[in-house]
Amino acid sequence: MEPALPVGAVVLTRQSPAYNKNDVIAFTKDDKTVTHRVVEVENINNVLSYKTRGDANNVEDIDLVRKDTVLGKMYFSIPYLGFFVLYLKTVPGFLIFIVLPSIIYIIFEIFHIKKEMTKEIEKKLLQNIKEKV
């Protein structure tokens, strides 16, 4: 879909009652999500279908897209976020962005709990000393 959408962009879609020419739609094809532009709307046997083409392609897609396979129309995109999402799915990405922050958070919480326990112990010791005096 370049140049309109750079490779690696995350596209957020919203279902619409109708999709028109020049709308960018996401649809499923062979268990994959494809994002292409509608170049023509066709009504074959009372079934709405769309002829689509990627912006970087010179030729329209061979298969028509049936309305029931359309996930929605693009209303927002975040360039290059897809690369980050793909990196999160790797072992290093998972370790760096999920496991490591979780470990750091747990360590801080342990120190905080230890500090609070120490305060409570000191408080009780002072209370015991005051009772004996």
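The values are calculated or read from the model by the stated rules, or taken from the named source; none is laboratory data. Since the structure is predicted, the reported quantities are computational estimates derived from the model, not experimental observations. Quick reminder, even Gly has a Cβ in these numbers, built from the backbone with ideal geometry, and neighbours come from all protein chains shown.
Does Ala4 fit the bill of being among the small types (Gly, Ala, Ser), in contact with a Leu (Cβ under 7 Å, 6 or more places away or on another chain) and on the phi < 0 side of the Ramachandran plot? No; evaluated as a whole, the condition is false for this residue.
Yes/no per residue for (1) among the small types (Gly, Ala, Ser); (2) out of contact with any Lys or Arg (no Cβ under 7 Å at 6 or more places or on another chain); (3) surrounded by 10 or more Cβ atoms within 10 Å (Cβ to Cβ); (4) in a strand (DSSP E or B):
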{"residue": "Ala4", "(1), (2), (3), (4)": "yes, yes, yes, no"}
{"residue": "Leu12", "(1), (2), (3), (4)": "no, yes, yes, yes"}
{"residue": "Tyr19", "(1), (2), (3), (4)": "no, no, yes, no"}
{"residue": "Thr28", "(1), (2), (3), (4)": "no, yes, yes, yes"}
{"residue": "His36", "(1), (2), (3), (4)": "no, no, yes, yes"}
{"residue": "Glu40", "(1), (2), (3), (4)": "no, no, yes, yes"}
{"residue": "Lys51", "(1), (2), (3), (4)": "no, yes, yes, yes"}
{"residue": "Ala56", "(1), (2), (3), (4)": "yes, yes, yes, no"}
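Screening Gly82 against (1) part of a helix (DSSP H, G or I); (2) over 23 Å from the mean Cα position of the chain (by Cα) leaves a single unmet condition, (2).
Okay, residues lined up against (1) exposed (fewer than 11 other Cβ atoms within 10 Å of the Cβ); (2) touching a Gly at 6+ places or on another chain (Cβ under 6 Å); (3) part of a helix (DSSP H, G or I); (4) small (Gly, Ala, Ser):
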position: Asp68; (1), (2), (3), (4): yes, no, yes, no
position: Ser77; (1), (2), (3), (4): no, no, no, yes
position: Leu86; (1), (2), (3), (4): no, no, yes, no
position: Gly93; (1), (2), (3), (4): no, no, yes, yes
position: Ile96; (1), (2), (3), (4): no, no, yes, no
position: Leu100; (1), (2), (3), (4): no, no, yes, no
position: Ile104; (1), (2), (3), (4): yes, no, yes, no
position: Ile107; (1), (2), (3), (4): yes, no, yes, no
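Condition check ((1) under 30 Å from Gly93 (Cα atoms); (2) at pLDDT below 95; (3) not small (Gly, Ala, Ser)) across all residues:
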| position | (1), (2), (3) |
| --- | --- |
| Leu5 | yes, yes, yes |
| Arg14 | yes, no, yes |
| Lys29 | yes, yes, yes |
| Val34 | yes, yes, yes |
| Val39 | no, no, yes |
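Among the residues making up segment 27-64, those that are within 25 Å of the chain's Cα centre (by Cα) and more than 16 Å from Glu2 (Cβ to Cβ) are Phe27, Thr28, Lys29, Asp30, Asp31, Lys32, Thr33, Val38. Residue selection: Thr118 fails the criterion of being in contact (Cβ under 8 Å) with a residue 40 or more places away in the chain, more than 18 Å from Leu5 (Cβ to Cβ) and out of contact with any helix residue (DSSP H, G or I) (no Cβ under 6 Å at 6 or more places or on another chain).
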